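Report on one structure; see the data block that follows.
The values are calculated or read from the model by the stated rules, or taken from the named source; none is laboratory data. Treat the numbers as computed from the prediction; the structure is a model and nothing was measured. Note that each Cβ is placed from the backbone with ideal geometry, even for glycine, and that neighbours are counted across all protein chains shown. Note: areas computed on protein heavy atoms with side chains; ligands, DNA, RNA excluded. Shrake-Rupley method; radii C 1.70, N 1.55, O 1.52, S 1.80 Å.
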Amino acid sequence: MQVLDVEHLVHLELRNWLRELIDLCHPDRVHVCDGSKQENDRLCADLVAAGTFIKLNPYERLGSYLACSNPKDVARIEERTFICSETEEEAGPTNNWRKPSEMRPHLRRLFNGCMRGRTMYVIPFSMGPLGSKMSLIGVQVTDSPYVVVNMRIMTRMGKEVLDVLGGDLEFIPCVHSVGKPLTPKEKDPPWPCNPEETVLAHFPKSREIWSYGSGYGGNALLGKKCLALRIASVIGRDQGWLAEHMLILGITNPEGEKRYIAAAFPSACGKTNLAMLTSSLPDWKIETVGDDICWMREGEDGRLWAINPESGMFGVAPGTSMTSNPNAVAAMKKNTIFTNCALEPLGDVWWEGCGEDPPPLLRDWRGGRWDPQSGEPAAHPNARFTTPLAQCPVVDPAWNDPNGVPISAILFGGRRSSTVPLVFQSFGWDHGTFLGATVSSETTAAAAGVVGKLRHDPFAMLPFCGYHMGDYFQHWLDVGGALQAEKLPKIFYCNWFLKDASGNFLWPGYGENIRVLKWIFERCDGRGAAEESPIGFLPTPEAFDVSDLEVNVKALFHVDRQQWLQEAQDLEYYFKLFGAHLPKTLADELHNLRRRLS
Ligand code: OXD
Ligand code: MN
């Protein structure tokens, strides 16, 4: 481990910023992270000593730990997430807004002395391959060692990033505190946090992030949702590229031809599973570039090229099993941090839907003996695993390529029990943008609040867009408009979650989703027949491979005009939200949909 000292950092602006923060937060110690294994081992040992981490059985999970959070700090908190642009209009109707002149003094009050009794960790990190033209550098200051060890998995971090930053490159300042200063005699709780005062503030103009009070996931690992989506979406708008809540996968057909697909689904709707699915069709292969975030920009050849800015997965544990995602199961065998899972007596983790019956004497995520009769889950529904992407058995050879990968197709989807067929293709980029804008989905446990309620989640970016959503729609139209039509990715919409009248899923999902990807692949190749419907191109029965599968194809591809007219009605109402910022092209697309339906 190298001892890096704030006063020896060559980047003047970074040094000054850190000095100011030290003055503000009053930490007892400051540690500039080098990202080494020794540093990580020491922090993990400290976390075990503090009771935050339980070391898991090394025969089952080498180098892995379980952390259980404060029950009031278990998910992203959207009501406490703010975009602090000068005007409310810039933040738009889908964001919470605070005036910077109100938020700044509030943050100063909160952060004043907030790190007393603690160490301030300085984490230099790169979102995207080190040194790539498409990457962005951030520096996060935090008083949570749990955050440091998670950031080491989720981002490229440490000394190498400082080397790339050099003396004058720009960095995005990210400030985080759990909001629980310690007096000298006070015992630190295993999961310090301050749920009453939690606030997550983004300043799009100065490109700053401030997060206070929560140690959980996207609230605290600031490279992820805060930088790579909210702030990056603003940078992308200004520089002509796209920062998206999308997985990226490589798909290879039996002839060995390969294409890359990016796909946006709302949180906890199966992006991780799709990104690394095990194909049920022989000789079709999927490889993973990313499972959550995708940055895309025009490459030298005029196509859209994408990188995954992250280097790890922060996946939802419940429901992850050898059936749903064998590659994630293999990836998390070692060097993994589990959060809010249940603990088996022999030191392994357990969750609902892991494919094994709960063993006796299970400890639930709250730390007590789990009572199977209680009706309460043993693992929190938003329990997570943090795992290096490189450990995924099907990680794509190009996942770390600084140039990224060329995207042939873009997929949108939501969790819809009716109306939306299994898959259909847009008529073109503008109609595809319309489809992205109209994504709606039943809510999940990834965010605090009611689960299962249908909400609009345009581009799966509802909680992640750093500016006016109507302008973001326009940005999509502009990016597409600037590329040659034949180089544009084709756009599709899919829905794995259709149910029949008795509430049973119509589609088996998981490895069978390859059949949908196969049709998409073939459409990109100019093969794969389709027929026009009022909502887009549907696969013809011959073109969609359901060999050896017993499914109700008719129900899967049924377009019910009444339901769609209702959908269009609802969209008309929804689009009003964006007022004058709604691009005319999208209003026209809605009008055209209505016309085709009637
Ligand atoms: C996530 C989310 O953690 O979308 O990826 O909530
Ligand atoms: Mn996500």
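Evaluated at 25 °C with a viscosity of 0.890 mPa s, what Stokes-Einstein diffusion coefficient in µm²/s does region 169-302 have when Rh comes from the Kirkwood expression over alpha-carbon pairs? It would help to have the intermediate numbers written out before the result.
Working: Rh = 17.6 Å.
The diffusion coefficient I find is 139 µm²/s.
Would you kindly calculate the mean projected area, averaged across all directions, of the convex hull enclosing the Cα atoms of region 516-598, in square nanometres? Don't skip to the answer; put the middle values down first.
Numbers: hull surface 27.7 nm².
Its average projected convex-hull area is 6.9 nm².
Taking the alpha carbon gyration tensor of region 292-393, what are the square roots of 5 times its eigenvalues, largest first, to the nearest whole Å? Mind showing how you got there, number by number?
On the way: eigenvalues 237, 32, 25 Å².
Each semi-axis is the square root of five times an eigenvalue, giving 34, 13, 11 Å.
Tell me what the chain gives for mean residue ellipticity at 222 nm when only DSSP H runs of n ≥ 4 count, each as -39,500 (n - 2.57), the sum divided by the residue total, rounded to 500 deg cm²/dmol.
Working: 16 runs with 151 residues, N = 598.
Rounded to the nearest 500, it is -7500 deg cm²/dmol.
Report the normalised scattering of the chain as log10 I(q)/I(0) at q = 0.07, 0.08 Å⁻¹, calculated by the Debye formula with identical scatterers on the alpha carbons.
-0.41, -0.54
Counting only Cα atoms, I'd like the Rg/Rh figure for region 148-194, Kirkwood definition for Rh.
Working: Rg = 15.5 Å, Rh = 13.8 Å.
Looking at region 148-194, the ratio lands at 1.12.
Using protein chains only and a probe of 1.4 angstrom, how many square angstrom of residue 462 are accessible, to the nearest 10?
For residue 462, solvent-accessible area is about 30 Å².
Rg and Dmax of region 111-226, using alpha carbons, in Å: what are they?
Just the Cα atoms of region 111-226 yield Rg and Dmax of 14.4, 49 Å.
Where the convex hull is taken over the Cα atoms of region 41-90, what is its projected area averaged over directions, in nm²?
On the way: hull surface 24.9 nm².
Taking a quarter of the hull surface, the average projection is 6.2 nm².
In vacuum, with every alpha carbon of region 1-110 counted as one equal point scatterer, what does the Debye formula give for log10 I(q)/I(0) at q = 0.13, 0.18, 0.20 Å⁻¹? Two decimals, please.
Debye curve over Cα of region 1-110, log10 I(q)/I(0) at q = 0.13, 0.18, 0.20 Å⁻¹: -0.89, -1.11, -1.12.
Find the relative contact order for the chain and round it to a whole percent, using C-alpha pairs within less than 8 Å whose residues are 6+ positions apart.
On the way: 1327 pairs, mean separation 87.3, N = 598.
Averaging sequence separation for qualifying contacts and normalising by length gives 15 percent for the chain.
With every protein chain kept in place and ligands, DNA and RNA left out, what is the accessible area per residue of region 155-273? Probe 1.4 Å, answer in Å². Intermediate values should be presented prior to the final figure.
Working: 3730 Å² over 119 residues.
Heavy-atom SASA per residue in region 155-273 reads 31 Å².
Mean shadow of region 355-484, computed from the convex hull of its alpha carbons, in nm²? Write out the running numbers ahead of the final one.
Values: hull surface 50.6 nm².
Seen from a random direction, the Cα hull of region 355-484 projects 12.6 nm² on average.
Do any of 224/584; 271/487; 55/187; 133/258; 487/576 go past 30 Å between their Cα atoms, and which?
In this structure, 224/584; 487/576 exceed 30 Å between Cα atoms.
Report the local net charge at residue 314: Lys and Arg +1, Asp and Glu -1, summed over other residues whose C-beta lies under 14 Å from its C-beta. Could you put the intermediate results ahead of the total?
Details: positive: 76, 152, 224, 225, 271, 384; negative: 291, 292, 310.
That works out to +3.
Considering the Cα trace of region 434-505, what is its radius of gyration and what is Dmax, both in angstroms?
15.5, 47
For a quick size check, give me the Cα extents of region 107-175 along its three principal axes, largest first, whole Å.
Rounded to whole Å, the extents work out to 37, 24, 17 Å.
Would you mind checking the radius of gyration and Dmax of region 435-594 based on alpha-carbon positions, in Å?
Reported Rg and Dmax, both Å: 17.3, 50.
Only four residue types carry charge here, +1 at the Cβ of Lys and Arg and -1 at the Cβ of Asp and Glu. Report the dipole size of the chain about the Cα centre in Debye, rounded to the nearest 20.
That gives a dipole near 940 debye.
So, for region 299-357, what is the accessible surface per residue at a probe of 1.4 Å, expressed in square angstrom? Numbers along the way, then the final one.
Working: 2040 Å² over 59 residues.
Dividing the accessible area of region 299-357 by its residue count gives 35 Å².
Taking 2.2 N^0.38 Å as the expected size of a compact globular protein, what ratio does the Cα radius of gyration of region 82-125 give against it, to two decimals? It would help to have the intermediate numbers written out before the result.
On the way: Rg = 14.4 Å, N = 44, 2.2 N^0.38 = 9.3 Å.
Normalised Rg, Cα atoms only: 1.55.
Accessible area per residue, 1.4 Å probe, Å², for region 547-593: what's the number? List each step's numbers first, then the result.
Details: 2960 Å² over 47 residues.
Accessible area per residue, region 547-593: 63 Å².
So if the hydrodynamic radius of region 64-161 is defined as the Kirkwood radius over C-alpha pairs, what does Stokes-Einstein give as its diffusion coefficient at 25 °C and 0.890 mPa s, in µm² per second? Numbers along the way, then the final one.
Values: Rh = 16.4 Å.
Estimated diffusion coefficient is 149 µm²/s.
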